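The values are calculated or read from the model by the stated rules, or taken from the named source; none is laboratory data. From a predicted model like this one, the values you see are computed outputs, not experimental measurements. Don't worry about glycine lacking a Cβ; one is built from the backbone with ideal geometry, like all the others, and counts go over all protein chains shown. These area figures cover heavy atoms from the full protein model, side chains too; ligands, DNA and RNA do not enter into them. Shrake-Rupley method; radii C 1.70, N 1.55, O 1.52, S 1.80 Å.
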Amino acid sequence: MAKKMTMADIARLSGVGKSTVSRYFNGGYVKEETRAKIQKVIEQYHYTPNAFARLNARQSNVIGVIVPTLNSKITSRVITSIDRYLREKDYTTLIQNSDHDIDQELKNIQRLIQLNVDGILISSIAITKDHKELLKKAEIPIVVLTQDYEDGISIIYDDYHAGKMMGEYIGKNGHKKVGYISVYETDRAVGIERKRGVLDGLKEYGIDAVVGKSDYSFIGGQKVARELLEEHSDLDAIICATDRLAFGTYKILHEKGKKIPEDVSVAAFGGYDESSLLTPELTTLKFDSYGMGYLGAETILKMIKKEVVSKKQIIGYEFVDGKSVRFLR
């Protein structure tokens with residue numbers, strides 16, 4: 001057929017009513033003989049249903065996914081894992097980007113609810129009072145990723161213990177003057193919990209770190225690293241809240257003629273693939289981002305089926321020894 005095939009065309013070619021075809025696509029009851037006729041036409045004409053047309057149905061088989069940015073290796077891993085899992089279960093993924101804007105994040109939630117998606121996975125920037133009110137009013141399953149949501153279902157990284165492990169690692173290797181590049185506290189998981197873990201780990205070795213705050217960008221990492229080194233020229237280690245911030249730190253250290261790790265050790269969190277291309281390779285903690293996406297997708301589908309799920313699930317991490325930390329003891 002020259003024109004795009006419609007459900008009306010499928011109904012005509014199958015010899016059934018349009019309402020029967022609609023029930024077929026939306027999971028309603030259709031006799032096995034009739035189902036076989038419809039399926040034969042679909043296969044013959046390679047018909048693919050329009051996901052957006054199905055959003056008006058009682059069950060859309062569409063899951064909304066809200067992420068803080070598309071410019072992140074961690075986010076891309078999570079999205080990839082979610083999409084793969086949902087496709088295997090015959091669900092479509094509808095992705096919304098908040099661009100690290102809390103107001104936009106709230107608008108994205110409202111928009112997806114209006115579109116009648118079956119559920120929402122939200123990798124949230126923060127859980128504010130407005131978030132709580134909106135999520136409580138939603139009549140669909142919602143899973144919050146990366147932030148602890150006490151009033152609902154959440155899947156989080158173990159940010160505090162990951163931070164503490166890295167702080168202890170730097171401390172036990174004999175560093176005395178340590179800088180930490182954090183992100184802003186609007187991101188509670190990374191800006192508060194991860195930072196608290198790092199600082200607690202360092203304090204166990206008598207180290208009071210000097211702290212700078214940045215956005216999540218490569219340029220932000222450069223800016224704060226430069227400021228820390230200008231104010232504290234005797235730093236012997238810099239821990240960064242993300243690998244991307246560490247990339248900026250590497251650049252500034254190279255510009256200042258400081259060798260890594262001979263002059264200044266560098267460590268971070270994320271485990272980006274690009275981190276292995278640095279010289280020396282970056283020492284970092286890698287979170288199981290694919291596991292985050294898989295578990296999120298699995299959980300939201302269980303909720304749709306009214307199955308019992310855990311209120312909070314925690315994703316682990318692994319240490320990547322990239323040789324960017326000097327052993328001073």
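Things worth noting here:
- Here is the figure for the stretch 67-101: residues that are outside any strand (DSSP E or B), open to solvent by less than 80 Å² (accessible area, probe 1.4 Å) and not charged (D, E, K, R) total 16.
- Residues in the stretch 192-214 that are in a helix (DSSP H, G or I), open to solvent by less than 10 Å² (accessible area, probe 1.4 Å) and touching a Lys or Arg at 6+ places or on another chain (Cβ under 8 Å): Gly197, Val198, Gly201.
- The lone criterion from (1) at pLDDT below 90; (2) of a type outside the set (Asp, Glu); (3) open to solvent by 50 Å² or more (accessible area, probe 1.4 Å) left unmet by Gln104 is number (1).
- For Val144: the one exception among (1) part of a helix (DSSP H, G or I); (2) buried (at least 23 other Cβ atoms within 10 Å of the Cβ): (1)
- Any hit, the stretch 171-181, residues being hydroxyl-bearing (Ser, Thr, Tyr) and either in a helix (DSSP H, G or I) or under 20 Å from the mean Cα position of the chain (by Cα) (or both): no
- Take the conditions (1) of a type outside the set (Ser, Thr, Tyr); (2) modelled with pLDDT of 90 or more; (3) buried (at least 18 other Cβ atoms within 10 Å of the Cβ); Asp130 misses just one of them, which is (3).
- Check on Thr48, of a type outside the set (A, V, I, L, M, F, W, C), modelled with pLDDT under 85 and open to solvent by 40 Å² or more (accessible area, probe 1.4 Å): yes
Residue by residue, here is whether (1) within 24 Å of Val320 (Cβ to Cβ); (2) touching a strand residue (DSSP E or B) at 6+ places or on another chain (Cβ under 9 Å) holds:
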{"position": "Ile120", "(1), (2)": "no, yes"}
{"position": "Ala126", "(1), (2)": "no, no"}
{"position": "His131", "(1), (2)": "no, yes"}
{"position": "Lys137", "(1), (2)": "no, no"}
{"position": "Lys172", "(1), (2)": "yes, no"}
{"position": "Val183", "(1), (2)": "yes, yes"}
{"position": "Ala189", "(1), (2)": "yes, yes"}
{"position": "Asp208", "(1), (2)": "no, yes"}
